[in-house]
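To keep things clear, I will list the structure first and then write my remarks on it.
The values are calculated or read from the model by the stated rules, or taken from the named source; none is laboratory data. The structure displayed is predicted, hence computed values, not measured ones. No Cβ is skipped: glycine too gets one built from the backbone with ideal geometry, and neighbour counts run over all protein chains shown.
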Amino acid sequence: MNLDRYPYFATNDFQDYSFFSEGPKGRIKKTVSYTRMSDAPVVYNLAFGDEDLHTGKVNDTVITNNNDRDIVLSTVAITIIAFCERYGNHFIYATGSTAVRTRLYQMSIAGLWDKIKVDFEVYGFRNNDWHEFEKNVNYEAFLVRRK
Amino acid sequence: MATNKTQRIILKGYSAPIISDTVKSHADDPYVLDKVAKAKEFLRKHPIPQHILKK
């Protein structure tokens with residue numbers, strides 16, 4: 001997947017990743033954390049947000065506006081590949097902390113869709129059911145599986 | 001006048017991550033725990049349908 005991305009770092013168990021967003025708002029540490037939440041089927045939760053450099057805690061309620069939304073999402077997508085290389089191509093569940101944030105994820109996926117769909121199946125939840133991802137459709141949550 | 005410029009380093013495509021002690025586990029982070037609890041509840045109410053599981 002030939003996406004522009006930031007250099008990224010991982011814990012030695014490949015469950016937590018970090019990288020730095022660089023832009024007009026400065027250098028902001030981003031973190032991606034994967035947590036197994038079911039065994040049949042195997043599903044992992046993807047938690048993504050800014051890491052407070054003082055407390056180390058994650059927060060995704062901040063709107064960073066660092067003019068790099070697609071690079072940030074691409075880097076998150078790359079962490080999915082790294083995670084799957086280690087743990088297998090299981091389902092990964094992701095949603096924003098708010099409807100606005102989830103919509104931002106949807107817009108980013110749509111913007112990168114031609115590249116993302118090469119490597120990933122993506123499903124979105126709407127109208128009480130899971131559907132294959134389509135551009136210009138609003139979803140409440142996403143499921144991703146590497147092909 | 002001081003400026004707060006940062007240099008954006010962009011790479012292309014996949015390569016394995018760099019393992020670093022500066023990356024912390026967030027397994028016990030309240031934000032992550034809350035997200036996982038909500039995700040479990042969401043998938044309990046809205047399980048992945050068979051046609052997607054079998055794909």
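Filtering segment A:39-62 down to residues that are out of contact with any helix residue (DSSP H, G or I) (no Cβ under 7 Å at 6 or more places or on another chain) and farther than 22 Å from residue A:103 by Cα, which residue is nearest to the other protein chains (Cβ to nearest Cβ)?
So, considering only residues that are out of contact with any helix residue (DSSP H, G or I) (no Cβ under 7 Å at 6 or more places or on another chain) and farther than 22 Å from residue A:103 by Cα, the one nearest to the other protein chains (Cβ to nearest Cβ) is A:56.
Do we have any residue at all in segment A:59-76 that's touching a His at 6+ places or on another chain (Cβ under 9 Å) and not hydroxyl-bearing (Ser, Thr, Tyr)?
Here is the first cut: in segment A:59-76, the ones touching a His at 6+ places or on another chain (Cβ under 9 Å) are none.
No, segment A:59-76 has no match at all.
Examine segment B:23-40 for a residue that is among the polar types (S, T, N, Q), within 19 Å of the chain's Cα centre (by Cα), under 28 Å from residue A:115 (Cβ atoms) and not in a helix (DSSP H, G or I), and state whether such a residue exists. Give the derivation first.
Initial filter on segment B:23-40 (among the polar types (S, T, N, Q)): B:25.
Still in the list and also within 19 Å of the chain's Cα centre (by Cα): B:25.
From the residues that got through so far, the ones that are under 28 Å from residue A:115 (Cβ atoms) too are none.
The answer is no; no qualifying residue exists.
Is one or more of the residues making up segment A:1-11 more than 7 Å from every other protein chain (Cβ to nearest Cβ) and more than 15 Å from the chain's Cα centre (by Cα)?
Within segment A:1-11, not a single residue is more than 7 Å from every other protein chain (Cβ to nearest Cβ) and more than 15 Å from the chain's Cα centre (by Cα).
Being touching a strand residue (DSSP E or B) at 6+ places or on another chain (Cβ under 9 Å) and surrounded by 18 or more Cβ atoms within 10 Å (Cβ to Cβ) narrows it down to one residue among A:42, A:62, A:32; which is it?
Numbers: A:42 fails: surrounded by 18 or more Cβ atoms within 10 Å (Cβ to Cβ); A:62 fails: surrounded by 18 or more Cβ atoms within 10 Å (Cβ to Cβ).
Result of the check over A:42, A:62, A:32: A:32.
Quick one: which strands (runs of 3 or more DSSP E) sit completely within segment A:37-147 and have at least 3 residues that are without any contact (Cβ under 8 Å) to a residue 12 or more places away in the chain? Write out each step before concluding.
Working: elements: A:42-51, A:91-94, A:120-126, A:129-132, A:141-146.
Per the criteria, A:129-132.
Can you pull out every residue in segment A:12-30 that is among the β-branched types (Val, Ile, Thr) and either within 15 Å of the chain's Cα centre (by Cα) or facing chain B (nearest Cβ under 7 Å) (or both)?
The initial filter retains those residues of segment A:12-30 that are among the β-branched types (Val, Ile, Thr), namely A:28.
Hits for segment A:12-30: nothing passes.
What's the total number of residues in segment A:7-36 that are under 20 Å from residue A:141 (Cβ atoms) and in a loop (DSSP other than H, G, I, E, B)?
Residues that pass the stated criteria total 0.
So if I check each of B:38, B:45, which one is closer than 16 Å to residue A:124 by Cα and either modelled with pLDDT of 95 or more or touching a helix residue (DSSP H, G or I) at 6+ places or on another chain (Cβ under 8 Å) (or both)?
Values: B:38 fails: closer than 16 Å to residue A:124 by Cα.
Unique residue meeting the criteria: B:45.
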